[in-house]
Amino acid sequence: MRYAKDEQDIRLYTEFLTRHERCNFQQSPEWAAVKCNWKNEIILAEDGAGNITGGLSVLIRKMPLFGNLMYSARGPVCDPHDSASLRQLMEGAKLLAMKYNAMALWMEPDVAADDDGFRSIMEQLGGRIRVGGPGDVIQPRQVFRLDIAGKSEEELMAGFNRKVRYSIHLAQRRGVEIRRGSREDLALFHDLLMETGRRCGFLVRPLAYLQRMWDELGPEHISLLLAWSGGTPIAGAIPVHYGNKTWYVFGASSGQHRDLMPNYLLQWEIIRAAAARGDAIYDMRGALESTDASNGLYLFKSRFGGTLTAFIGEVCFAYRPLVYRLYRLAERLYMTARDRYTTLRRQPEPAPAPLLLPAHTSDGSDAPLSA
């Protein structure tokens, strides 16, 4: 086990990350630069020949009154049944906790909910796994993932629900144009995002945050797509591309022109571009836990033919257990108060057009990432 200490180590880690099937942009050095208000440490597991077999990008932040918290979104990146690599990474995290006097390491790994092998290894190493409710986690508990590996546009389109195909063609017939935006166009997108946040009752990151994402992830790993009708932007999306995947990170839409179905056409253009890049997976990100007809976000995303993937939940290593329990209690109280405030600010939702659903809902599944 060692830590990434210089540019050479970062380069080797990035090469490992981009090749790994569990690659996630939130484990990248670029994403750590976006989260510049957190310290970043990268732990590397190695085999006997010095080859990297696992990695864990850890964000470390001072929490008022409680001390430092270590957090890793969608880490670790390794074979989830490689106990030797996982042991190295957790031993490295424990040493980091001593260095920063951290109360806990909190991970939300890209591991399936039914992976009992990973669960067993984590518990043997001293970790505690819990599912948690929507207010207890940062990353979506379950996501829709679309297998796009090696598929043509015709094959992709054939995998969609017929209502999706109809809506895509309808948007095209009604003159909706999808244009790639620049950094300057982020302001247009942010206006749409603010409108969506007011309508659906979630908090919105400032424009400067989107600009920092663009600066750190661009031009290779981030795009902006805007749907235009006439001379007006009516919807938009920011996908992130890294390794073998594309993620739908932000989406926003105007309350007007919903009958033009711009979100369906936006999704199709993201999928087409991801397939052209040779990506294996398009991750549409979160959906609510319920899967009945009342869950509009679920219905919207499920119609694209993806697979609902449930993750194992929160993996916690508490180094100062009492302090960490007090911190989580305070955090829940804060989140409850914040959600109540945003609910009070929420505007009445206009009657939806047939098939069209907003890119965001108040559960925050597709809201700006918190960490």
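Just so it is clear, none of the values below were taken in a lab; they were calculated from the coordinates. Given the structure is predicted, the values throughout are model-derived calculations rather than measurements. Here the Cβ is made from the backbone with ideal geometry for all residues, glycine too, and neighbour counts use every protein chain on show.
Projecting the Cα atoms of T53, V34, A84 onto the charge dipole of region 2-126 (Cβ charges, centred on the Cα centre) puts V34 farthest toward the positive pole. With only the Cα atoms considered, region 114-196 has a convex hull volume of 241 Å³ per residue. With a ≥ b ≥ c taken as the square roots of the eigenvalues of the C-alpha gyration tensor of region 47-132, please select rounded if a/c is under 1.5 and otherwise prolate if a/b is larger than b/c or oblate if it is not? Oblate, because a/c is 1.5 or more while a/b does not exceed b/c. Under 14 Å from the Cα of K301, which aspartates and glutamates turn up, not counting those fewer than eight places away in the same chain? Straight-line reach from K301, under 14 Å: D147, D283, E289, D292, D366.
Take the alpha carbon gyration tensor of region 145-302, find the square roots of its eigenvalues, order them as a ≥ b ≥ c, and report rounded if a/c is under 1.5; if not, report prolate when a/b exceeds b/c, else oblate. Walk me through the intermediate numbers first.
Numbers: a/c = 1.32, a/b = 1.12, b/c = 1.18.
Cα axes put region 145-302 in the rounded bin.
The average projected area of region 81-221, computed from the convex hull of its Cα atoms over all directions, is 13.7 nm².
Work through the residues other than G67 whose Cβ is under 12 Å from its Cβ and net out their charges, Lys, Arg +1 and Asp, Glu -1.
Numbers: positive: R61, K62, R320; negative: none.
Net charge around G67: +3.
Note on region 1-91: Cα-only Rg and Dmax are 13.0, 44 Å.
Sum up the charges of everything whose Cβ sits under 13 Å from the Cβ of G50, counting Lys and Arg as +1 and Asp and Glu as -1, but leave G50 out. With Lys, Arg at +1 and Asp, Glu at -1, the neighbours total -2.
Using per-residue counts of other Cβ atoms within 10 Å, averaged over each peptide, order 236-245, 314-323, 24-33 from highest down.
Details: 236-245: 23.4, 314-323: 17.9, 24-33: 21.8.
Descending mean neighbour count gives 236-245, 24-33, 314-323.
Comparing T309, T232, T196 in a Gaussian network model of the chain (Cα springs below 10 Å), the most mobile by mean-square fluctuation is T232. For the chain, modelled as a GNM with alpha-carbon contacts under 10 angstrom, which of L170, L56, L193 fluctuates the most? Between L170, L56, L193, it is L170 that shows the largest mean-square fluctuation. For a straight C-alpha distance cut-off of 14 angstrom, the aspartates and glutamates reachable from K35 (same-chain residues fewer than eight places away being disregarded) are D215, E216. The relative contact order of the chain, computed from alpha carbon pairs under 8 Å that lie at least 6 residues apart in sequence, is 23 percent. From most to least packed by mean Cβ count within 10 Å, the peptides 122-130, 108-116 give 108-116, 122-130.
In the chain, the DSSP-assigned H stretches of four residues or longer account for a calculated mean residue ellipticity at 222 nm of -11500 deg cm²/dmol, using -39500 (n - 2.57) per stretch and the full residue count as denominator.
Peptides 96-107, 270-281 ordered by packing proxy, namely the average of other Cβ atoms within 10 Å per residue, highest first: 96-107, 270-281. For the residue pairs K163/K245; K94/K245; K99/K245; K62/K99, the C-alpha atoms sit more than 22 angstrom apart in K163/K245; K94/K245; K99/K245.
Pairwise Cα separations in the chain fall into 20 Å bins from 0 onward with the following percentages, short to long: 28, 58, 14, 0.
If I stretch the segment between D114 and Y334 completely, what's the gain in nm (0.36 nm per residue apart, minus their alpha carbon distance), one decimal?
Numbers: separation 220, 0.36 × 220 = 79.20 nm, distance 3.12 nm.
Extending this stretch completely gives an extra 76.1 nm.
The C-alpha atoms of the chain define a longest principal axis, and helix 83-100 lies at about 80 degrees to it.
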